[in-house]
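**Q** The structure under discussion is supplied below as structure tokens; questions concerning it will follow.
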Amino acid sequence: MRIPVQSDRMNPRLHLRVLWLSRCSLIGLGIALEEKNMPGMFHHEEHFRGREAVQKLGEVSIALCGAGALGSHLADNLLRQGIRRLRVIDFDRIEEHNVGTQLYGVSEVGSKKVDVLRNRLFKATRVEIDAIAKQLTEGNAKKFLGGADLVLDTFDNSQSRQVVQASCRASGQSCLHVGLAGDYAEVIWDETYEVPEDGDVDACNYPLARNLVLLAVGVATESLLGHLLGGEKRSYSMTLRDFAVRPMEGARSE
């Protein structure tokens, strides 16, 4: 009787399968190592401001009043630079004329601004903002603004700005106001801020340049971060036609 001898030669199909599985394992290991060593979302900000600074920003809570041209872009800007605790208050819905200057798209017309903003920012940063789809009033200002380390006012009407200012002065909260009109924009800390009167033009029809919005957003963000990280309160004015950013009197350090 012949006893079958076990061959050292592997079945060709089995051999190919083993090689394929080994290759997949190596590829998976390579991807895992690459992801582990891949720079994080705040890689560039950490190199610019320092890792401790970015970590500090993640612990700060901000109440942002308004989700329009200034507010929507400021929310996006702040989350991409390290802010993780953000409440946004606005009861408006998106209209088609908003698309040119705000963070929203045509397909989102009719939706509440804060709801769309919350979804957009979560997809971009995995941070979920606290979206308040209500009008800020004297009756609810303490509830919605209270507890924030800093209040950021971007409302486009004097009545709402007065509510913000009165609430912050009563509570002692730091407040930064950002506004624009035509070719001119301001970033002013509340200590030297006077609420302007509403103009004759409806808020939906005033002249507004997208590039001025983005310029004001950049300056406001830097002023805000300068306060949070260095204790400074610096106010600025800016004009679009000459690209001028000018410090305003009253800047101070705490």
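None of the figures in this text is laboratory data; all of them are computed from the coordinates on show. All figures in this text were calculated on a predicted structure; none of them were measured in a lab. Neighbour counts are summed over all protein chains in view; Cβ atoms, including those assigned to glycine, are modelled from backbone coordinates with ideal geometry.
**Q** Limiting things to C-alpha atoms, what are the Rg and the maximum Cα-Cα separation (Dmax) for the range 34-184, in angstroms?
**A** Computed over the Cα atoms of the range 34-184, radius of gyration and Dmax are 16.1, 53 Å.
**Q** Which FRET efficiency value, to the nearest 0.05, do you get for T137 and E95 by plugging their Cβ-Cβ distance into 1/(1 + (r/R0)^6) with R0 = 22 Å?
**A** Once rounded, the FRET efficiency stands at 0.50.
**Q** Next question, about the same structure. Please give the net charge around Q159, taking every other residue with its beta carbon less than 12 angstrom from that of Q159, where Lys and Arg add +1 and Asp and Glu add -1.
**A** Neighbourhood net charge equals -3.
**Q** Two decimals, Cα atoms only, Kirkwood Rh: what is Rg/Rh over the range 133-190?
**A** Reported Rg/Rh (Cα atoms, Kirkwood Rh): 0.97.
**Q** Can you sort E128, E197 by how many other beta carbons sit within 10 Å, fewest first?
**A** Sorted ascending by nearby Cβ count, the order is E197, E128.
**Q** Rounded, prolate or oblate: which fits the range 80-143 when a ≥ b ≥ c are the square roots of the eigenvalues of the alpha-carbon gyration tensor, with rounded for a/c under 1.5 and prolate only if a/b beats b/c?
**A** Verdict is oblate for the range 80-143.
**Q** Let me ask you something else. Among D90, D76, which comes first, then next, by fewest other beta-carbon atoms within 10 Å?
**A** Lowest to highest Cβ neighbour count: D76, D90.
**Q** If amide hydrogens are placed 1.01 Å from N in the peptide plane, which non-local residues have theirs closer than 5 Å to the one on S174?
**A** V151
**Q** For K142, K113, which order do you get if you count the other beta carbons within 10 Å of each Cβ and list the fewest first?
**A** Lowest count first: K142, K113.
**Q** Loop-only GluC sites (Glu not before Pro) in the range 73-117, please: DSSP not H, G, I, E or B, and at most 13 other Cβ atoms within 10 Å.
**A** E95
**Q** Which links in K123/K233; K56/K113; K113/K143; K113/K142; K56/K233; K142/K233 stretch past 25 Å when you go from one Cα to the other?
**A** Violating the 25 Å limit, Cα to Cα: K123/K233; K56/K113.
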